[in-house]
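Here is the structure we will look at.
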Amino acid sequence: MFLYHGERDTNVDIKESKRFIAGLKAANKPYKWLEIKDMGHSYYTMTPDMLETQLVEIEKFFQNECKPGGL
């Protein structure tokens with residue numbers, strides 16, 4: 001599972017995502033976590049760098065980590 005969250009998200013508190021990750025960790029489930037600095041919740045508040053980070057990391061996850069050998 002890949003979960004990412006914006007550090008400055010005011011719609012969904014980042015603590016919720018961290019609590020979810022803690023549950024995955026406690027259950028010994030694989031996950032990838034990415035916290036994006038200064039990012040909010042909505043696309044209109046994101047910089048091109050923030051969007052690029054999301055897309056690059058999603059692509060890497062699909063290619064390498066989604067299952068053995070990627071998708």
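Mind listing whichever residues of region 28-44 are open to solvent by 70 Å² or more (accessible area, probe 1.4 Å), more than 13 Å from the chain's Cα centre (by Cα) and not charged (D, E, K, R)? Within region 28-44, Asn28, Pro30, Tyr43, Tyr44 qualify.
Taken over region 18-27, the criterion of being farther than 13 Å from Gly6 by Cα and open to solvent by 60 Å² or more (accessible area, probe 1.4 Å) is satisfied by Arg19, Phe20, Lys25, Ala26. Of the residues making up region 32-71, those that are among the β-branched types (Val, Ile, Thr) and over 21 Å from Asn11 (Cα atoms) number 2.
Residues checked against (1) among the basic types (Lys, Arg); (2) out of contact with any strand residue (DSSP E or B) (no Cβ under 6 Å at 6 or more places or on another chain); (3) in a helix (DSSP H, G or I):
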residue	(1), (2), (3)
Thr10	no, yes, no
Ser17	no, no, yes
Gly23	no, yes, yes
Gly40	no, no, no
Tyr44	no, yes, yes
Met50	no, no, yes
Glu57	no, no, yes
Phe62	no, yes, yes
Gly70	no, yes, no
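Annotation note: Cβ proximity below 6 Å between a residue of region 45-63 that is open to solvent by 70 Å² or more (accessible area, probe 1.4 Å) and a residue that is of a type in the set (A, V, I, L, M, F, W, C) (sequence gap 6+ or interchain) occurs for Phe62/Leu71.
The values are calculated or read from the model by the stated rules, or taken from the named source; none is laboratory data. All values derive from a computational prediction rather than experimental measurement. Quick reminder, even Gly has a Cβ in these numbers, built from the backbone with ideal geometry, and neighbours come from all protein chains shown. Quick note on the areas: whole protein, heavy atoms, side chains included, nothing else; ligands and nucleic acids left out. Shrake-Rupley method; radii C 1.70, N 1.55, O 1.52, S 1.80 Å.
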